[in-house]
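A quick write-up on the structure given underneath.
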Amino acid sequence: RRHPRARIPTMPADADTLRFEPWQSAVDPGFWAELARRKLDNAGLSEDPWLITALYTPAQNAVVSSPCQLDARAFGTGDESELAARARDVAASGRLEMPGTLVNVNTLERFRAFDRGTLMSNAAKRLAEDIRSGRADSDAALLTPFIALTYADLKKWSFYYWFAFPALKLDVPAKVISCGPLAEHVELGAIADEISRGCEAMLRRDAGDPARAWWIVDDATGTCEPPSIASVRTRDPSTWTLAFVDPCASGGHPGWALRNVLSWLAVRTTRETETAGETAGAAGAPRRVRVLAVRKLAGRV
């Protein structure tokens, strides 16, 4: 006998491709002073990469997006009490950490001629492996990596830098079905206050908590919960919303931070729509996911 065909969701013909605002960068003078000290005291002529950490916040201005910020504490050194104080400050201020790789070269010519393509390619491979291996399941910061290539001319006290923010590209670009403020949403508008309070609580979690970068919102109650593979694989996607900390101020599209979260969803989750009696092919159907860009304007999420 013939088996019933699975219903494959379709995308509106006029749906726009989802665009992302690229990261902006902001480097505090204290970062350059610390870099100079480390080059003189420790690194010398070595060009070995260093692991550093940047910070970002949800958008706090209706016009200006929040940048990827580097300061003197980016190198993550200090005694136990200093590191604990930094973690408390990060959590209290609602900022999130971004893991990065710093390569400091010795000459301006080397800086200009550096093979940035290889640097980006290697970073993209690490990102893809972090997602495939499951490491990003428990460490959401791995989805917001960055690279900093620098040259420090200590004689002239001049500093040159180049930033890159690796991202994976979906095989099929994401499309926007609709976009608008949470309070005006047909289904979620009635519980917008509950969702806002839940998101505020998630932002106040400990600095190292992976759920501070993105989380799941229950569409029925507005409660927020940490993301998990089991949750997004087994729950009906029409019953939950993906909330992420968005540094972008634009009302028309999200920031770059969402790109790799969507790639994580595409790679690490599957919709188990194929059951006995259904035809193959439904697994390749387009998925729909509701996304909430969490921003903080006038001190309120």
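Values for this structure:
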{"read-out": "When residues of the stretch 254-301 are limited to those that are assigned to a loop (DSSP other than H, G, I, E, B) and among the hydrophobic types (A, V, I, L, M, F, W, C), the one modelled with the highest pLDDT", "value": "W256"}
{"read-out": "Failed item, numbered, when A192 is tested on (1) of a type outside the set (D, E, K, R); (2) over 22 Å from the mean Cα position of the chain (by Cα); (3) more than 25 Å from P67 (Cα to Cα); (4) open to solvent by 70 Å² or more (accessible area, probe 1.4 Å)", "value": "(4)"}
{"read-out": "W214 vs. criteria farther than 17 Å from I195 by Cβ, in contact (Cβ under 8 Å) with a residue 60 or more places away in the chain, among the aromatic types (F, W, Y) and buried (at least 20 other Cβ atoms within 10 Å of the Cβ)", "value": "no"}
{"read-out": "Single residue of the stretch 179-189 satisfying the filter (surrounded by 13 or more Cβ atoms within 10 Å (Cβ to Cβ) and hydrophobic (A, V, I, L, M, F, W, C)) that is farthest from the chain's Cα centre (by Cα)", "value": "L188"}
{"read-out": "E129 of a type in the set (D, E), open to solvent by 20 Å² or more (accessible area, probe 1.4 Å), closer than 30 Å to S231 by Cα and at pLDDT 95 or above", "value": "yes"}
{"read-out": "Strands (runs of 3 or more DSSP E) within the stretch 1-108 that include 3 or more residues surrounded by fewer than 17 Cβ atoms within 10 Å (Cβ to Cβ) and either of a type in the set (K, R) or modelled with pLDDT of 90 or more (or both)", "value": "none"}
{"read-out": "Some residue of the stretch 201-211 being at pLDDT 90 or above and open to solvent by 60 Å² or more (accessible area, probe 1.4 Å)", "value": "no"}
{"read-out": "Unique match (being of a type outside the set (A, V, I, L, M, F, W, C) and either in contact with a strand residue (DSSP E or B) (Cβ under 9 Å, 6 or more places away or on another chain) or closer than 13 Å to N104 by Cα (or both)) among D130, D137, D153", "value": "D153"}
{"read-out": "Qualifying residue in the stretch 222-235 (condition: of a type in the set (D, E) and open to solvent by 50 Å² or more (accessible area, probe 1.4 Å))", "value": "yes"}
{"read-out": "Number of positions in the stretch 142-156 that are touching a residue at least 60 places away in the same chain (Cβ under 8 Å) and either surrounded by fewer than 19 Cβ atoms within 10 Å (Cβ to Cβ) or over 17 Å from D71 (Cα atoms) (or both)", "value": "3"}
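The values are calculated or read from the model by the stated rules, or taken from the named source; none is laboratory data. Everything quoted here is computed from the prediction, not taken from an experiment. Note: ideal-geometry Cβ built from the backbone for every residue, glycine included; neighbour counts use all protein chains shown. Ligands, DNA and RNA are stripped out before the accessible areas are found, and what is left, the full protein with its side chains, is counted by its heavy atoms. Shrake-Rupley method; radii C 1.70, N 1.55, O 1.52, S 1.80 Å.
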